[in-house]
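The values are calculated or read from the model by the stated rules, or taken from the named source; none is laboratory data. Note that the structure is a prediction, hence the values are computed from the model and not measured. Positions of Cβ are generated from backbone atoms using ideal geometry, with glycine treated the same way; all protein chains shown enter the neighbour counts. When the accessible area is computed, the model is the full protein with side chains, heavy atoms only, and any ligands, DNA or RNA have been set aside. Shrake-Rupley method; radii C 1.70, N 1.55, O 1.52, S 1.80 Å.
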Amino acid sequence: MADVGGTNLNLALLIPEGPGFRLLRKARFRTQEERSLTEPILRFLAVDPFLRPGRACLAGAGPVVDGRIRLTNAPWDIDGPDLEGALGIPVKVVNDFIALSAGTLHLDLADPAQAIPLPHVDGSLPEPAPGGLVLVVGAGTGLGVGFLVTSPSGIRAFPSEGGHIGLPVYDEDSLALWRHLAEGLPGPPGAELAVSGPGLGRIFRFLVETRRVACTPEGAAILELSEETRPAAISALAESDPACGRAMVIFVDLYARVCADLCAAFLPSGGLFLAGGIAAKNVDHFLKERRFMARFERNYRDHLDRLARTTPVFLACDYDLSLHGAAHAWSVS
């Protein structure tokens, strides 16, 4: 199985075990350093030539057309037919949020290593409705959205382009950020421009360049870092540098508002799952003073507040979620 991201390419061998799969071996490659997808897969399989997969499912960001995904954040594309020829096994290509959505069904919600429930402002923890729609929103290199529905014919997972909805505006800082990001664009800025790894860096740069928040010399040095390493540095200095701290607050608030808007459209009684590496690596920022839930529950209509307060919200912490989800995606997509 493969999870192809703009930063990392994760490969794994899994075998069926009970209702799920057991991971035998996995490896991570740097997407931007590889010349193709086929080469790292062949190197991964060559480590143990006696462990040969019977099929492969590859998940990547973007729509699937004729078994292929044209990647926008990698130097090559995912080509299912070509890989079938190179590997000699059936290959299925799915959108990455089909895989993530499929994976949420097999999370142990009682295990904090796999998922953390986010208490609502009143302390309540609503239970997911059996068979209810499941919504997955994940910020990483980009912002992805997927969902699961249950029908008489079974469970189906679907991708969406929900990560490109409009960037929310809820106060003076977010309005100023909206205007800042809109400069030079042919249309209004989308949510992904701020709610993503690169987006966190853009929020920080906006705060520093507009001098809205004081910045320490350590914080200012972040602007010299690569776009890839900037988010981790901002998070690490969030408690000591005012600009980093404010950037994290705005990021979490925007993430919450995006999720609130999507919940109004999807009505996820089966649960809202926050996926992607940024949330999993910054759990404290989401839980502190119940920041995420406080902004998530603050809407302009009472019935939207009630919807938010009754929506189960989980932060997915299992880094292998997309790999297990890719294995399950054979039957739900």
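Val258 - would you say it is modelled with pLDDT of 95 or more and over 30 Å from Gly103 (Cα atoms)? In short, no. Screening Ala74 with (1) outside any loop (DSSP other than H, G, I, E, B); (2) touching a residue at least 60 places away in the same chain (Cβ under 8 Å) gives one miss only, at (1).
Quick check on the stretch 1-15: of everything there that is in a loop (DSSP other than H, G, I, E, B) and touching a strand residue (DSSP E or B) at 6+ places or on another chain (Cβ under 9 Å), which residue is surrounded by the most Cβ atoms within 10 Å (Cβ to Cβ)?
Looking at the filtered set, the residue picked out is Met1.
For the stretch 69-81, the condition of being of a type outside the set (Asp, Glu), surrounded by 14 or more Cβ atoms within 10 Å (Cβ to Cβ) and closer than 18 Å to Leu13 by Cβ holds for none of the residues.
The residue that is farthest from Asn282 (Cα to Cα), among those in the stretch 135-146 that are open to solvent by less than 10 Å² (accessible area, probe 1.4 Å) and of a type in the set (Val, Ile, Thr), is Val145.
Would you mind stating whether Arg30 is exposed (fewer than 15 other Cβ atoms within 10 Å of the Cβ), within 26 Å of Ala232 (Cβ to Cβ), modelled with pLDDT of 90 or more and in contact with a Leu (Cβ under 8 Å, 6 or more places away or on another chain)? Answer is yes for this residue. Quickly run through the stretch 147-187 and pick out the residues that are of a type in the set (Asp, Glu) and surrounded by 18 or more Cβ atoms within 10 Å (Cβ to Cβ). Residue satisfying the conditions is Asp173 alone. Listed by position, the helices (runs of 4 or more DSSP H) inside the stretch 140-242 whose residues that are touching a residue at least 40 places away in the same chain (Cβ under 8 Å) and within 19 Å of Thr7 (Cβ to Cβ) number at least 2 are 197-209, 230-236.
Tell me which residues, restricted to the stretch 108-144, are under 12 Å from the mean Cα position of the chain (by Cα) and at pLDDT 95 or above.
Within the stretch 108-144, the subset under 12 Å from the mean Cα position of the chain (by Cα) is 135-144.
Within the stretch 108-144, Leu135, Val136, Val137 meet the criteria.
Residue count for the stretch 294-333, restricted to those that are crowded, with 20+ Cβ neighbours inside 10 Å and within 14 Å of the chain's Cα centre (by Cα): 8.
If you go through the stretch 35-60 and pick out every residue that is in contact (Cβ under 8 Å) with a residue 24 or more places away in the chain, assigned to a loop (DSSP other than H, G, I, E, B) and not charged (D, E, K, R), you end up with 5. Determine which single condition Ile89 fails, assuming it passes every other condition in (1) touching a Gly at 6+ places or on another chain (Cβ under 8 Å); (2) buried (at least 18 other Cβ atoms within 10 Å of the Cβ); (3) more than 28 Å from Phe314 (Cα to Cα); (4) of a type in the set (A, V, I, L, M, F, W, C). Of (1) touching a Gly at 6+ places or on another chain (Cβ under 8 Å); (2) buried (at least 18 other Cβ atoms within 10 Å of the Cβ); (3) more than 28 Å from Phe314 (Cα to Cα); (4) of a type in the set (A, V, I, L, M, F, W, C), only one is false for Ile89: (2).
Per this entry, Leu118 is not counted among residues that are touching a strand residue (DSSP E or B) at 6+ places or on another chain (Cβ under 7 Å), of a type outside the set (Phe, Trp, Tyr) and either open to solvent by 20 Å² or more (accessible area, probe 1.4 Å) or closer than 18 Å to Leu11 by Cα (or both). Here is a check on your reading of the model: is Arg211 surrounded by fewer than 17 Cβ atoms within 10 Å (Cβ to Cβ), at pLDDT below 95 and more than 16 Å from Ala139 (Cα to Cα)? The answer is yes for Arg211.
Scan the stretch 16-34 and give yes if some residue there is more than 24 Å from Gly142 (Cβ to Cβ) and assigned to a loop (DSSP other than H, G, I, E, B), otherwise no.
yes
Tell me yes or no: at least one residue of the stretch 53-64 is within 22 Å of Gly277 (Cβ to Cβ) and open to solvent by 30 Å² or more (accessible area, probe 1.4 Å). Yes: the stretch 53-64 contains one or more residues that are within 22 Å of Gly277 (Cβ to Cβ) and open to solvent by 30 Å² or more (accessible area, probe 1.4 Å).
For Thr216, the test of being within 17 Å of the chain's Cα centre (by Cα), open to solvent by 20 Å² or more (accessible area, probe 1.4 Å) and among the β-branched types (Val, Ile, Thr) is failed.
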